[in-house]
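The structure appears below as structure tokens.
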Protein chains: 2
Amino acid sequence: MSDWHFEEQSEGVDLRIEKEKILYFGESEFQNIEIFESKTFGKIMVIDGYLMLTEKDEFIYHEMMVHVPMSIIANPENVLVIGGGDGGSVREVVKHDCVKKVDFVEIDGDVIDVSKEYLPSISCSIDDPRVNTLVEDGIKFVAETKEKYDLIIVDSTDPYIGPGEGLFTSEFYKNCNDILNEGGILVNQHESPYYENDAKVAQKMHKTMREVFPICTVYQAFIPTYPSGHWLFGFASKTVKPESDPIKGRMDGIVTKYFNEEVRKASFALPNYVKELLK
Amino acid sequence: MSDWHFEEQSEGVDLRIEKEKILYFGESEFQNIEIFESKTFGKIMVIDGYLMLTEKDEFIYHEMMVHVPMSIIANPENVLVIGGGDGGSVREVVKHDCVKKVDFVEIDGDVIDVSKEYLPSISCSIDDPRVNTLVEDGIKFVAETKEKYDLIIVDSTDPYIGPGEGLFTSEFYKNCNDILNEGGILVNQHESPYYENDAKVAQKMHKTMREVFPICTVYQAFIPTYPSGHWLFGFASKTVKPESDPIKGRMDGIVTKYFNEEVRKASFALPNYVKELLK
């Protein structure tokens, strides 16, 4: 008898992935965390029944989350990563030598611990000396910190999973705006424009963010293991436009499997139906 | 008891779609054809067990198949559509008033008939007076015709489904090249770069095409109901480069839900791993 991960993507639409072996299952203070091995994707992390990442394609999400903004921030020294306890975003951030400090704020210490144990290729840079890991609530952190950041990455779950809901409110975005430097950028996980339920979340998020940030748009990547495979990232700034020229030499020596400068520019070209959704 | 469409996308990865109502099931001379109603996607056409199109997102595939090349062909009067018996590609082609004649060559007349009966929003332009419908083998057609074309669209199934296999050979591409005008473009359904089996087909196709056409690349679109959602189209020409400026006025008055000029340009920006695959 085989065991399957089973995820409803929309009404009457399921993605099923066969579990070769369950490596970990545990209940943290906030959510259920599971790691299993699969034939096609390698190891998979599931939180509260939703696929978070797979070894096969996590590079797409993490490279696009990090290098798209990093390419155009003039002087990105101080970075804040909220969520992303697996360490994938942190791994991409510290590839940039210009980064001096990363405040890595994850509410669920168990996600970090499980990732360190079972997903070393993703969590490998959490112990980089520039990374300051804080196991605490990102919502509270942005309300209270006195720091300012050049890049803020909100690497959250969906609003209906675990403790992520507060990362989608106007108050949260306002606090982020307050701690974002003039030439800084905030990026976040922004759902999909395709299936109705995801699209409604993306639409609401964009509306809320647009009321806070002077420059606000979305960009996209092909992420096959997220529902529809058409995934959005939010892009927000006080002064930096997405069409800005890349900073010379910024990606020198950084090897990427998805990201390149043409892909970065192209990722902001939105299909008409997505533009309509976000209008 | 509900009935589900069940498709293996890769080893241990299934997409399941609930069938609300089966509207048609029949065996043609070449393949099984099924039309069913679904909650999320509207009507769906399945051939030999593989999802061919859905009412919800066929516009993405058909707009990108047709308007990407149409935008940059100087004088597209004579068009050949091979396959695509549903009529979706034909519908987009005849939106262009400059097109004088469309040879629409589909081997399986049942696909056309079933589409006309059950998918009128897709098949609606098959009876346009400029469309010359020929129920015959596209492989034989390109070997024998004396016509020359400004645009050739190969809207095929996968090579392992129904009679599509011969549309992926060197001989077929050579015959297409022979009937393609100097300033013309050939586009085709080109599989996905993501799951191993699809990627191998895409790789082989590209290698074969590159040996025939002086200019040859791929472009991509987010098509959620095809495996991985990351779908490729082949682009081949004797003289027309994909980065060509769009012909002024070409899209005037044509309403699209996915395609726009920025999306066209962006669709040729390939992630590093896709470039690597096609090298």
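Numbers for the structure displayed
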| quantity | calculated |
| --- | --- |
| Among A:129-137, A:240-248, the order from most to least packed when residues are scored by Cβ within 10 Å on average | A:129-137, A:240-248 |
| Net lengthening on full extension, B:E77/B:S244 (0.36 nm per residue, minus Cα-Cα) | 58.2 nm |
| Taking all pairs of distinct alpha-carbon atoms in the protein assembly as shown, Kirkwood radius in angstrom | 24.6 Å |
| Potential extension, A:L134-A:K174 segment - 0.36 nm per residue separation minus Cα distance | 12.3 nm |
| Listed residues A:Y273, A:G88, A:V131: farthest to the positive end of the dipole of the stretch A:58-278 (Cβ charges) | A:Y273 |
| Efficiency of FRET from Cβ geometry, B:E211 and A:F6, R₀ 45 Å, rounded to 0.05 | 0.55 |
| For chain B, built as a Gaussian network whose Cα springs stay under 10 Å, the top-fluctuating residue of B:L186, B:L53, B:L23 | B:L23 |
| Cβ-based net charge around A:C124, under 13 Å, with every Lys or Arg adding one and every Asp or Glu removing one | -4 |
| Sparsely packed chymotrypsin sites (Phe, Trp or Tyr not before Pro) within the stretch A:150-179, loop by DSSP, other Cβ within 10 Å at most 12 | A:Y160 |
| Overall dimensions of the stretch B:3-53 as given by Cα atoms, namely Rg and Dmax in Å | 11.1, 32 |
| Taking chain A and dividing mean pair separation by its residue count, relative contact order in percent (alpha carbons under 8 Å, at least six apart) | 17 percent |
| Span per principal axis, largest first, for the Cα atoms of the stretch B:58-278 (Å) | 44, 39, 34 |
| Order of A:Y50, B:Y24 - criterion: other Cβ atoms within 10 Å of each residue's Cβ, fewest first | B:Y24, A:Y50 |
| Rough spin-label spacing in nm, given labels placed 7 Å along Cα→Cβ, for B:D97 and A:Y24 | 6.4 nm |
| Within the protein assembly as shown: Cβ-based charge dipole about Cα centre, in debye rounded to nearest 20 (Lys, Arg +1; Asp, Glu -1) | 2240 debye |
| Value at 222 nm in deg cm²/dmol, rounded to 500, when DSSP H runs of n ≥ 4 in chain A each add -39,500 (n - 2.57) | -7500 deg cm²/dmol |
| Given charges at beta-carbon only (K, R positive; D, E negative), |dipole| of the stretch B:23-169 in Debye | 520 debye |
| Net +/- balance of residues flanking A:C176 in space, Cβ distance below 15 Å, scoring K and R +1, D and E -1 | -4 |
| Straight-distance crosslink candidates among aspartates and glutamates, where the alpha carbon sits under 12 Å from A:K146 and sequence neighbours closer than 8 are dropped | A:D178 |
| Spacing of the two label points (7 Å from each Cα toward its C-beta) at B:K204 and A:S121, in nm | 2.6 nm |
| Within-9-Å neighbourhood charge of B:E37 [Cβ basis; K, R +1; D, E -1] | +3 |
| Distance violations [Cα-Cα > 25 Å] among A:K148/A:K174; B:K56/B:K100; A:K204/B:K19; A:K39/B:K200; A:K101/A:K248; A:K56/B:K200 | B:K56/B:K100; A:K204/B:K19 |
| B:E276-B:D252 pseudo-label distance in nm [points 7 Å out on the Cα-to-Cβ vector] | 4.6 nm |
| Lys, Arg +1 and Asp, Glu -1 on Cβ, resulting dipole of the stretch A:58-278 about Cα centre, debye, nearest 20 | 780 debye |
| Alpha carbon convex hull of the stretch A:81-125, volume per residue in cubic angstrom | 54 Å³ |
| Cα-based Kirkwood hydrodynamic radius, the stretch B:100-184, one decimal, Å | 13.9 Å |
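Only the coordinates and a few stated rules stand behind these numbers; no lab work does. Computed from a predicted structure; not experimentally measured. No Cβ is skipped: glycine too gets one built from the backbone with ideal geometry, and neighbour counts run over all protein chains shown.
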